[in-house]
Amino acid sequence: MIVGMRKLHLAALSYDRDRVLNALERTRAAEVKEHAETEATAFVTSDREKLAAYLATLEDALATISAHIPAGKGRPEGAEDGFEVGYSEFVAAKDYRARADELVEKSADLSQEKADAEEQVRRLTREIAAAKPYTMSAVRFSDIRDTRSTAVRYGFVSASAWESLQQQLDGVPLTAYEATMSEEGGLLLVAFHRSVSEETEAMLSAASFSPCPYTGERTGAEYVASLEGELAAQRERAEAAERALAALASEVRPLKIYCDYVGFELEKAEASEKMQATAHAVFMEAYIPADEEERVKDALGALGIPLYFEFSDPAEDEFVPTLARNNKIVSNFETVTNMYSAPNARELDPNGVMSFFYSLFLGFIMADIGYGLMMMAGGFFIWKKKKGSIKSLGGVFGVGGVFSVLWGVLFNSLFGIRIFPFTVMPDPQTAMYSLAGIDLPAVLVIALLLGIVQLCAGYVCKFAQCVHRKKPWDGVFDGLVWAVFSLGALLAVIGLIKDFNVPVLTTVGGIAAGVSLAVAVLTAGRHEKFLGKFTKGFGSLYGLINYFTDVLSYIRLYGLMLTGAVIAQVISDYSLQFITSGSALIVLGVILMVVGHVFNLAIGLLGAYIHTARLQYVEFFGRFYEGEGRLFEPLGSHAKYISLEGERAFPPQKKAA
C-alpha cells in the first residue's frame, strides 16, 4: 500500500538547527522540502560543496584500502557493506576525523608509491627484453670503438635478414664480421675499412640493422643482471606498498562508519539549504508519513528546546513523495514497478496485483518442477544473503519458482521428463484446440486467455483507482464496463473452443461483451461537448483494435514456454541415453544434464524476466497506472555502507536496478 503524507511546518532558533535535524534523522521519517520564499527571510547557506569534496577524498581512500583486503576467509569485520552499527557508535564517529585524515594521506602516499614502482617494473621489463640479445656475447660495450682507418658496428639483426646480409658482406673487400645468431636473430659485429664505409653502411641499413645503444665497461650479461636486480627491487617496493595497504584492512569498518557519518552531515547541509532563515530563526517544511506523525512529535518534543511545529495535509496539487509499504513478498516486486515509474503518491499501489501476475507468468514460461526448485533455491538464497536490488531480484525469482513448480505439476514436467501418470494441462508441443473451427496450439490459446484475465484485472484496478480518486462514475464507465467486456470476451472464447464443449458460454459471453461495448461507446464522450461526444464514442470503438492487439501480445508466453520445454526435453533425452548406456558415457550424460539444464534455466529466466516485465508495463499498466512518482527519501536514508541497529527505520525502498 501507499502511505499518505503529512506536512511538517517547523520554526526553531538558528543555533538549534543541527539538533532538530539530528532528531529527525533518527526517526527516518522526515524528508525536508524546499521552503517557500517569504518576506524578510532568505535561504540558509551551508558548506555543502566543501563537505562533498571531503567525502569524495574519504571514499577514494576507502576504495583504495578495500581493494587490498585479502579475498577468502579471514576478511575483517566491515569488509562487506550493510553491517549493523549502534546509534551511539554512529554519532561517536565524529571523533574519528583525525585518524581518517591520516588514512587519506597514508593511502594516497602508498597508492602513489605502488603506482610509481609498478611503472618502473614495466619500464625495466621492456629494457631487459631489449637488452636480452646482448647476453649472447662476452664483448664489453666499451670495447666497440672506431680507429683512424677502421669503423666498427655492433648490434642486432633479425634472422630473416641475416642470410642475405651475410652474402653481401662476403662480397665487400676489407670487411670482417662475427655473428652470434638464434632463431629470432642475433648479434653482429662488423669491422670495415673507411674506404668501403658508405657501401657497408647501406647494406646494414637495408637489413634493418639495430646498432647497440649501450655504453660502459659492462658486457650484455652484466648489464641485464643489473637491470634484473633493479627490477627485483622495484617489485619488492610495489609489494611492500601493497602489504602496507593490506595492513590497513582493520580500518575499513570505522572508516565506512565515518564516511556515512560525513554523508549524513552532507545530507543535513543539503536539507539546510532548503530552509528559510532570519537573523535568529530557521523555518523548515518536511513530508512525514501520516502514521509516523506521533513518533516525529515525540522526537521533537523530547529535545527540550524552544520550538514550534505543526502538521497539515499537503495541497491537492502538491507533488508529494511516494512511500510504498508492502509485505516481504510483494516488496520485492517494487523494483520491477520502479524500473517503469514509481507510483504516484495519490494513486493505489499496483504492486500487490502486479506481483501476482508477474509471478504467474514467470512460472508459466518456466513451467517445470525442476527449474522451479532451482529458482526457489537460488532466488531465496540471494534474497537471504544480499541487499538492495539484488536481494529483490532474488525474491522475484524465488516467488516465480513457486509458481513454476505449480505449473510444472500441471504440465507434468520435471526437467522435461513426465513423472506423473496423469497430466492436467495439454502438451505444449502437440496438443491442439479447435477454436471456431481453426486448430491452434492448446497452450497458445491458454496464454491468450491468461492475457484476457490480466486485462480484465487491469480494468478492475482502473475502477478502484477512480473510486480512490472520488470519481466513481469514471470508474464504472472507464473501468468496470470494460472489465465486463473482457469477462464476456473470455467466456465467448472458452465457448468457441470445441474441446471444452460449453457453447452456451459463447452466447452468454457475447451478450455481456456486446452490451458492455455499447455502454462504453455511448459513455465515452460524456465529458465532451456536442460533436466530441460522437467522435469520442467512435474512437472508443476503434480502440478495440488496440485491445485485441494487446491480447495477442500474450502469445509471447507460449513462445518462450515452448522453447524452454523443447530444449529441456532434448537435454534430458540425450542425457538419459548416455547415463543408461552402462559405459564411460555416463559421466558425459551427467555433465550434459547439469550444464545443459543450468544453461537453459539461465537463458529462460533472462527472457522470462524481460518479457514478463513488458506485459506488465505495456498491456497491464496501460489500463490504469498513473506513475510519474518520486520515492520518499527521508533524512538519513542515504547510508551507503552501514545500517543502524536498534532504531526504527523504514526499509529501503526498492529503486530501479
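Counting other C-beta atoms within 10 Å, and keeping those with at most 16, which DSSP coil trypsin sites (Lys or Arg not before Pro) do you find in the range 157-250?
Values: sites: Arg194, Arg218, Arg235, Arg237, Arg243; in loops: Arg218.
Filter output for the range 157-250: Arg218.
Work out from phi, with θ = phi - 60° and the Karplus expression 6.51 cos²θ - 1.76 cosθ + 1.60, the ³J(HN,Hα) of each residue of the range 208-213, listed in order in whole Hz, and give x for Gly and Pro.
After applying 6.51 cos²θ - 1.76 cosθ + 1.60, I find 6, 5, 10, x, 5, x Hz.
Pairing the Cα long axis of helix 504-523 with the longest principal axis of the chain, what angle in degrees results, from 0 to 90 and rounded to the nearest 10?
Approximately 90 degrees, to the nearest ten.
Can you run phi through the Karplus equation (6.51, -1.76, 1.60; θ = phi - 60°) for the range 290-303 and list ³J(HN,Hα) in whole Hz, with x for Gly and Pro?
Coupling constants for the range 290-303: 4, 7, 10, 4, 5, 5, 5, 4, 4, 5, 6, x, 6, 5 Hz.
Rounded if a/c is under 1.5, else prolate if a/b beats b/c, else oblate: with a ≥ b ≥ c from the C-alpha gyration tensor eigenvalues square-rooted, which is the range 131-228?
Working: a/c = 2.48, a/b = 1.38, b/c = 1.80.
The shape class here is oblate.
Give the long-range amide H neighbours of Phe83: residues separated by 5 or more places, or on another chain, with amide H under 5 Å away, using H modelled in the peptide plane at 1.01 Å from N.
Distant-sequence amide H within range of Phe83: Ser643.
What shape does the range 406-498 take by its C-alpha gyration tensor, where a ≥ b ≥ c are the square roots of the eigenvalues and a/c under 1.5 counts as rounded, a/b above b/c as prolate, and the rest as oblate? If you can, show how the numbers build up before the last one.
Numbers: a/c = 4.61, a/b = 2.04, b/c = 2.27.
Because a/c hits 1.5 or more and a/b fails to exceed b/c, the range 406-498 counts as oblate.
I'm spelling it out carefully: the read-out is log10 I(q)/I(0) by the Debye sum over Cα atoms at q = 0.05, 0.06 Å⁻¹, the candidates are [x] -0.27, -0.37; [y] -0.47, -0.63; [z] -0.23, -0.33, and one was derived from this structure. Which label?
Answer label, from the structure shown: [y].
Rank the residues Trp473, Trp482 as a footprinting-exposure proxy: fewest other Cβ atoms within 10 Å of their Cβ go first. Let's see the in-between values first.
Details: Trp473 11, Trp482 25.
Ranked by crowding around the Cβ, least crowded first: Trp473, Trp482.
Give, in nm to one decimal, the length gained when the segment between Arg97 and Lys73 is fully stretched (0.36 nm per residue of separation minus the Cα-Cα distance). Intermediate values should be presented prior to the final figure.
Values: separation 24, 0.36 × 24 = 8.64 nm, distance 2.98 nm.
Difference between extended and current length: 5.7 nm.
Per-residue HN-Hα couplings for the range 229-235, Karplus 6.51 cos²θ - 1.76 cosθ + 1.60 at θ = phi - 60°, whole Hz, x for Gly and Pro?
With the stated coefficients, the range 229-235 comes to x, 5, 4, 4, 5, 5, 5 Hz.
How large is the Kirkwood hydrodynamic radius of the range 552-594, counting all unique pairs of alpha carbons, in Å?
Values: mean 1/r = 0.0869 Å⁻¹.
11.5 Å is the Kirkwood radius here.
Over the range 330-624, what is the relative contact order in whole percent, taking alpha-carbon pairs under 8 Å and six or more residues apart? List each step's numbers first, then the result.
Values: 430 pairs, mean separation 53.4, N = 295.
It rounds to 18 percent for the range 330-624.
Are there any trypsin sites (Lys or Arg not before Pro) in the range 347-456 that are in a DSSP loop and have at most 13 other Cβ atoms within 10 Å? List them by number. Numbers along the way, then the final one.
Numbers: sites: Lys384, Lys385, Lys386, Lys387, Lys391, Arg418; in loops: Lys386, Lys387, Arg418.
Those that pass, being in a loop and sparsely packed, are Lys387, Arg418.
Taking amide hydrogens as modeled 1.01 Å from N in the peptide plane, which residues meet the under 5 Å criterion relative to Cys212, leaving out close sequence neighbours?
Answer set, sorted by chain and number: Tyr154, Gly155, Phe156.
In terms of modelled amide H atoms, which long-range or inter-chain residues lie less than 5 Å from the amide H of Gly4?
Correct list: Ala290.
If the reach is capped at under 18 angstrom between alpha carbons, list the lysines near Lys384, excluding any in the same chain fewer than eight residues apart.
Lys328, Lys654
Going by how many other beta carbons lie within 10 Å of each one, how would you line up Thr563, Thr430, Thr580, fewest first? Before the final figure, lay out the partial values.
On the way: Thr563 16, Thr430 8, Thr580 11.
So the ranking, lowest neighbour count to highest, is Thr430, Thr580, Thr563.
Using a simple spin-label model with points 7 Å from Cα along the Cα→Cβ vector, what separation in nm is obtained for Val598 and His280?
Modelled inter-label distance: 7.2 nm.
Of Lys274/Lys640; Lys50/Lys114; Lys106/Lys391, which ones are farther than 32 Å apart at the Cα?
Working: Lys274/Lys640 23 Å; Lys50/Lys114 29 Å; Lys106/Lys391 35 Å.
Long pairs (Cα-Cα over 32 Å): Lys106/Lys391.
Given axes a ≥ b ≥ c from the Cα gyration tensor, I'd like to know whether the range 330-624 is rounded (a/c under 1.5), prolate (a/b larger than b/c) or oblate.
Details: a/c = 3.17, a/b = 1.63, b/c = 1.95.
It comes out oblate by the Cα gyration axes.
Which whole-number percentage describes the relative contact order of the range 131-228, with Cα contacts under 8 Å and a sequence gap of 6 or more?
After rounding, I find 46 percent.
Can you list the GluC sites (Glu not before Pro) in the range 588-633 that are in a DSSP coil and have 16 or fewer other beta carbons within 10 angstrom? Walk me through the numbers on the way to the answer.
Values: sites: Glu619, Glu626, Glu628; in loops: Glu626, Glu628.
For GluC sites (Glu not before Pro) across the range 588-633 that sit outside H, G, I, E and B with at most 16 neighbouring Cβ atoms in 10 Å, the list reads Glu626, Glu628.
What do you get for the angle between helix 388-411 and the principal long axis of the chain? Use alpha-carbon atoms, 0 to 90 degrees, nearest ten.
60
For Cα pairs less than 8 Å apart in space and 6+ apart in sequence, what is the mean separation divided by the residue count of the chain, i.e. the relative contact order in percent? Walk me through the numbers before you get to the answer.
Numbers: 1033 pairs, mean separation 145.9, N = 657.
So the answer I get is 22 percent.
Bear in mind these aren't lab numbers, they're just calculated from the coordinates by the rules spelled out. Predicted model only: the values in this text are computed from it and were never measured. Here the Cβ is made from the backbone with ideal geometry for all residues, glycine too, and neighbour counts use every protein chain on show.
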